[in-house]
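Read the structure below first, then the notes.
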């Protein structure tokens, strides 16, 4: 089985998948996800729950993480908004 990167259409779908425990990749919206210079910021609810920073992120949730990502990573060159991606297994 091969995995491919699939772009999610909106934040609500990404939030639901995050709450279901799936790994979500965050990019600024103008960034090509296959870019060698800019890597994804990966988030997964299970990993955050087991981390030291649990109190900060768990209290605020998905929206807090996305807002912090946009503050530090989104700008004129890379795009002002977050694009959400997920790895999907493809049978070929």
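The values are calculated or read from the model by the stated rules, or taken from the named source; none is laboratory data. Only a predicted model underlies this, so the values are computations on that prediction, with no experimental measurement involved. Glycine gets a Cβ as well: all are built from the backbone with ideal geometry, and neighbour counts include every protein chain shown.
A few remarks follow.
- Subset of region 21-34 (residues that are surrounded by fewer than 11 Cβ atoms within 10 Å (Cβ to Cβ) and either part of a helix (DSSP H, G or I) or at pLDDT below 90 (or both)): 34
- Among (1) part of a helix (DSSP H, G or I); (2) modelled with pLDDT of 90 or more; (3) in contact with a helix residue (DSSP H, G or I) (Cβ under 6 Å, 6 or more places away or on another chain) - the single one residue 16 does not satisfy: (3)
- Of all residues in region 1-38, those satisfying the criterion of being farther than 17 Å from residue 62 by Cβ and out of contact with any strand residue (DSSP E or B) (no Cβ under 9 Å at 6 or more places or on another chain) are 32, 36, 37.
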